[in-house]
Amino acid sequence: MWRKTKRVFPVLFLILLLSECSKKSEHQDAKSLPQKDAVPAKPAPEEPPLSYKKYKGAWFEIEYPFSFKAENSQKSSTSTDGFDSAVFTSADGSVQFYIFSPQWSGDAKDIALKSNEIKTDSSTEIINGLTVKRWTIQAKDGSYFRSYESTSETESNINKIFGIKYSSQKELDRYRQAYLHFKNSLQQYAD
């Protein structure tokens with residue numbers, strides 16, 4: 001009889017052990033399932049894709065975010081109608097986009113350095129025959145920055161300037177994709 005018990009005991013022990021493991025697994029599975037009355041976690045809200053409007057200057061057309069306010073800036077030097085530059089301001093006022101795109105070459109007087117600002121950096125390089133200048137202007141009180149990129153072709157006497165004014169790096173990062181879309185949407189017109 002002891003021999004029979006010896007054989008049965010390990011088998012029973014194994015069965016009990018397996019059934020306990022199975023119960024623990026079921027209990028853990030039940031914990032991971034949402035409860036009937038539990039409120040599911042909300043996914044992080046995604047920002048809706050931006051929609052854009054078109055602005056028509058004297059010699060260009062450009063798309064800007066629908067929620068921005070467009071303002072004419074510098075009157076065209078070669079056309080009786082329209083403007084060579086414009087400013088587009090976000091609804092909260094934390095960011096402004098800027099475009100200067102005259103018929104030919106021109107001077108963007110509307111972005112000149114003001115008495116309450118300092119120029120913090122600048123660079124110039126030649127890329128595929130184009131002169132590309134970049135510079136940043138900062139308010140002396142640190143309340144905003146203005147960064148610009150001017151591209152000019154000396155042979156054909158054409159230039160354009162893109163700019164962005166921002167209150168912080170966070171705002172610059174937040175509007176980066178919209179600004180890239182803005183830059184890439186520029187269509188320049190000739191005579």
Within segment 118-165, restricting to residues that are within 20 Å of residue 64 (Cβ to Cβ) and among the charged types (D, E, K, R), the one that is least open to solvent (accessible area, probe 1.4 Å) is 146
Could you list, in sequence order, all residues of segment 46-85 that are within 18 Å of residue 167 (Cβ to Cβ) and assigned to a loop (DSSP other than H, G, I, E, B)? 67, 68
A careful count of residues in segment 86-111 that are closer than 13 Å to residue 163 by Cα and not charged (D, E, K, R) gives 13
If we take segment 95-177, then strands (runs of 3 or more DSSP E) inside it with 2 or more residues that are of a type in the set (D, E, K, R) and free of Cβ contacts under 8 Å to residues at least 24 places away in the same chain are 117-127, 130-139
The listed residue being more than 10 Å from residue 97 (Cα to Cα) and open to solvent by 30 Å² or more (accessible area, probe 1.4 Å), out of 185, 168: 168
Could you please let me know if residue 112 is open to solvent by less than 80 Å² (accessible area, probe 1.4 Å) and of a type in the set (Gly, Ala, Ser)? yes
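The values are calculated or read from the model by the stated rules, or taken from the named source; none is laboratory data. All of these numbers come straight from a predicted model, not from anything done at the bench. Cβ coordinates were reconstructed from backbone atoms using ideal geometry, including for glycine residues, and neighbour counts include every protein chain displayed. Heavy atoms of the whole protein, side chains included, go into the accessibility calculation; ligands, DNA and RNA do not. Shrake-Rupley method; radii C 1.70, N 1.55, O 1.52, S 1.80 Å.
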